[in-house]
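A short worksheet on the structure shown next.
All of the numbers you see were taken from the coordinates with simple rules; none came from a lab. Treat the numbers as computed from the prediction; the structure is a model and nothing was measured. Neighbour counts run over all protein chains shown; Cβ positions are idealised from the backbone, glycine included.
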Amino acid sequence: MTPVRWGILSTALIARQKIIPASAKSGLVALSAIASRSLASAQAAADEFGIPKAYGSYEAMLADPAIEAVYNPLPNDLHVPMTLAALKAGKHVLCEKPMAMKAADLGILRPYAALLHIREAFMVRHHPQWAETRTLVREGAIGELRYMQVPFSYFNADPHNIRNRPEAGGGAAYDIGCYAITAGRWFFECNPERVIALVDRDPAFHTDRTTSALLDFGHGRQLAFSVSTQAARFQRLQLVGTKGRIEIDVPFNAPENAPTSYHVHGMGGPGAEPPRTFTVPVADQYQLQMESFSRAVRSEAPDGAGLDDALANMRVIEALFASEKSGRFERP
């Protein structure tokens, strides 16, 4: 297929470290332009990565008729307004997570959902380890999936970092809790019916530095997760069923240049068979995400499914914050 011509809004770290290198590997992606509020910053990035065009404003890049799709890695509070601006300019949009600060904010994008592709950038769902493990769950390799556990944390106490600014959408739930929610919805293949949260907020930043939650997916199925922006760097994903369990070593930040692995355990106990370890060959989940979106631009009619998915995730995050205040289960 003809490569899709992409533009990137801003020189954000994730764009420079992940998206641009991933795009360079793909024959389906033509990275044509990058924009910043500073032309010097945009030009420096363009020179570094060999991007043909640099723009000193986001609006200037969106006005370029050659750009077909836009990647939006701006701070969370700018996701909806700049995604809207891109859609108004006739561009398809892949937007970093979370797509909004509030579920209701996504309503303004709805008129464009049947005209252009709009997706939230959960690259993890494109990694082969997620596809393989979900296939095992579907095939009954661990019996009926009963519960999931997800710890995910890193340490960042920099007062100037965007993740520690509540007005910009900082905090653990927005930044990494969304991945745990996505994992639950991916493996249970439905949305939770009710949720409850325990939140600890940083006394200076006022962001949720640690959030733990219990999500009820109905029929006895549960997801428990703890996410933190001020704890040791760690992540795991445990899928526990009636006949065994699956553990993914690095479920979210899978390396682009090394294999990954997951382990399938039986029932355990005396005389139990040792776990089977499966190695997944090197895969760049960011490249696969960009290619999936590019294929959709070329061969699929927009249908709003991507926006629906983002809305479902955002409703869960909102319910968790509502539970923080009420101390009760809340319905997304």
### Message
Give me the count of lysine pairs in the chain whose alpha carbons sit under 26 angstrom apart, restricted to pairs 8 or more positions apart or on different chains.
### Response
14
### Task
Determine one quarter of the surface area of the Cα convex hull of the chain, which equals its mean projected area, and express it in nm² to one decimal.
17.5
### Dipole moment magnitude, nearest 20 debye, the stretch 1-83 about Cα centre, only Lys, Arg, Asp, Glu C-beta charged
200
### Query
Tell me, what is a quarter of the convex hull surface for the C-alpha atoms of the stretch 33-84, in nm² with one decimal?
3.6
### Task
Fewest Cβ neighbours within 10 Å first, please rank Asp105, Asp249, Asp47, Asp208 accordingly.
Asp47, Asp249, Asp105, Asp208
### Query
Per-residue ellipticity at 222 nm for the chain, helices alone: DSSP H runs ≥ 4 residues times -39500 (n - 2.57), over residue total, nearest 500 deg cm²/dmol?
-8500 deg cm²/dmol
### Query
So for Glu144, Glu247, Glu139, fewest C-beta neighbours within 10 Å to most, what's the order?
Glu139, Glu144, Glu247
### Query
So in the chain, what percent of DSSP beta bridges are antiparallel if you round to the nearest 5?
55
### Query
Along the charge dipole of the stretch 39-117, Cβ charges K/R +1 and D/E -1, which of Pro81, Leu115, Ala63 sits furthest on the positive end?
Leu115
### Query
Taking +1 at the Cβ of each Lys and Arg and -1 at the Cβ of each Asp and Glu, which of Pro166, Leu28, Ile196 sits farthest along the dipole of the chain towards its positive end, judged by Cα position relative to the Cα centre?
Ile196
### Task
Binning at 5 Å from 0, report for the stretch 243-289 what percent of all alpha-carbon pair distances ends up in each bin.
5, 20, 24, 17, 13, 10, 7, 3, 1
### Task
Add +1 for every Lys or Arg and -1 for every Asp or Glu among the other residues with Cβ under 15 Å from the Cβ of Ala44, and state the total.
+1
### Message
Taking 30 Å as R0, compute the FRET efficiency from the Cβ-Cβ separation of Thr2 and Asn253 and round it to 0.05.
### Response
0.40
### Task
Run through every distinct alpha carbon pair of the stretch 1-104 and return the Kirkwood hydrodynamic radius in angstroms, one decimal place.
13.5
### Task
Please state the charge dipole magnitude for the stretch 76-200, taken about the Cα centre, from unit charges on C-beta atoms (+1 on K and R, -1 on D and E), reported in debye and rounded to the nearest 20.
360
### Summary
So for the stretch 192-246, using the alpha carbon gyration tensor with a ≥ b ≥ c as root eigenvalues (a/c under 1.5 gives rounded; past that, a/b versus b/c decides prolate or oblate), I'd call it oblate
### Fewest-first sequence of Tyr147, Tyr71 by Cβ atoms within 10 Å of each Cβ
Tyr147, Tyr71
### Task
Please state the charge dipole magnitude for the stretch 182-265, taken about the Cα centre, from unit charges on C-beta atoms (+1 on K and R, -1 on D and E), reported in debye and rounded to the nearest 20.
160
